[in-house]
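Colleague: Got a structure here, written out as structure tokens. Questions coming.
Every number in this text was worked out from the coordinates using simple rules, so none of it is lab data. Everything quoted here is computed from the prediction, not taken from an experiment. All Cβ positions, glycine included, derive from the backbone under ideal geometry; neighbour counts span all protein chains shown.
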Amino acid sequence: MRYTQLGKTDLIVSRICFGCWQLSPRFWGQVSIDEWNAALRRAIDLGVNFIDTADAYGDGAAESALGNFIAREKCRDKLVIATKFLWNFEQAERFPDTRYEYILRECDASLRRLKTDYIDLYQIHAWDPLMRPDEVAAAFGKLKKEGKVRWFGVSNFNAAQMRMCLRYFNFECLQPLYNMLDRAVESDQLPFCLEHKIGVITYSSLAKGLLTGKYTAEQKFEDHRAVAPRFTGEEFKGILEKVQKLAPIAEKHGLSIAQFAVRWILTHPAVTAAIVGIKKPEHIESIVKAAEGILPVDDWHKGTQIMSG
């Protein structure tokens, strides 16, 4: 496993980040917690030290599962824990909430679920249209002073939103959607992060499984993907055909298609780490090789052209 500095922080993180969205039943159904625990244990054995979760994943379930694991394995000092807040789910209908009091209250709730007294990276999950940046700045200042949070980040922000926020408070990381199919951030957010030395951790790095190379046109999904256009009909078949064309380039580097897709992300100079959603030990075992290096420039572009064609 290779490691790198996250932005301007003192956090040294693995280039593969273990994501926890898969513990959100509303999207992924029921995942075996025993297999998930085994997968996380195997990830740590393989050198993964960076774990990303959120309070909204299963309305606290993912944080609780991670907290139980940390307490049982007594491994807090080995891990860099990132979590996120935004969605106020204290009532039936959740809504975005970045008010001062809510941030403080929800951070305390995350700390309890995670069974830790500090969070390494605390991120705003998405843009709040009613955000008052001075309130966020005050909350972040208090959490930092109290030692509850070491560093702050944002997720799903565009460059204009990040630029505005930097006038009020410091943050050291962006978590955007980025993979071989979703490249919009290359023209806006990623250059901004390079300019300001802001770390980048990508989510949906394998496009919810589309870039693994394991699906055929007959595949049927029983989770939220069942009604997603990319996973049905001609669009699904077209994507799968492109993905299979990556195989010769991947094989040239001794990589599977999935490993190639993640290494493609890690080759971008703005990217710190790629988040992968892991349900079973064999999933993490099959992906860590992606972090052993970066792609030659010509093969990065060849892969890009195949998926853009």
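Colleague: Distance check, please: which entries in LYS84/LYS208; LYS78/LYS245; LYS74/LYS145; LYS74/LYS148; LYS8/LYS237 exceed 31 angstrom between their Cα atoms?
Modeller: LYS78/LYS245; LYS8/LYS237
Colleague: Between TRP28, TRP151, TRP264, where does the largest GNM mean-square fluctuation fall for the chain, given springs only between Cα atoms within less than 10 Å?
Modeller: TRP28
Colleague: With springs only between Cα atoms under 10 Å, which of ASP299, ASP59, ASP97 fluctuates most in a Gaussian network model of the chain?
Modeller: Highest fluctuation of the listed residues: ASP299.
Colleague: Rounded to whole Hz and in sequence order, give me ³J(HN,Hα) for the stretch 281-292 from the Karplus expression 6.51 cos²θ - 1.76 cosθ + 1.60, θ = phi - 60°, writing x for Gly and Pro.
Modeller: These are the phi-based 3J(HN,Hα) values: x, 5, 5, 6, 4, 7, 10, 4, 4, 4, 8, 7 Hz.
Colleague: I've got another one for you. Sort 196-207, 279-290 for me by packing, meaning the mean count of neighbouring Cβ atoms within 10 Å per residue, highest on top.
Modeller: 196-207, 279-290
Colleague: Measure off 7 Å from each Cα along the Cα-to-Cβ vector at GLU195 and GLU251, then give the distance between these two points in nanometres to one decimal.
Modeller: Once both label points are built, they end up 4.4 nm from each other.
Colleague: Continuing with the same structure: Just rank CYS173, CYS165, fewest to most, by other beta-carbon atoms within 10 angstrom.
Modeller: Sorted ascending by nearby Cβ count, the order is CYS165, CYS173.
Colleague: A follow-up question, please. Sum -39500 (n - 2.57) across every DSSP H segment of at least 4 residues in the chain, then divide by the residue count to get the 222 nm mean residue ellipticity, nearest 500.
Modeller: Dividing the helical sum by the residues of the chain leaves -11500 deg cm²/dmol.
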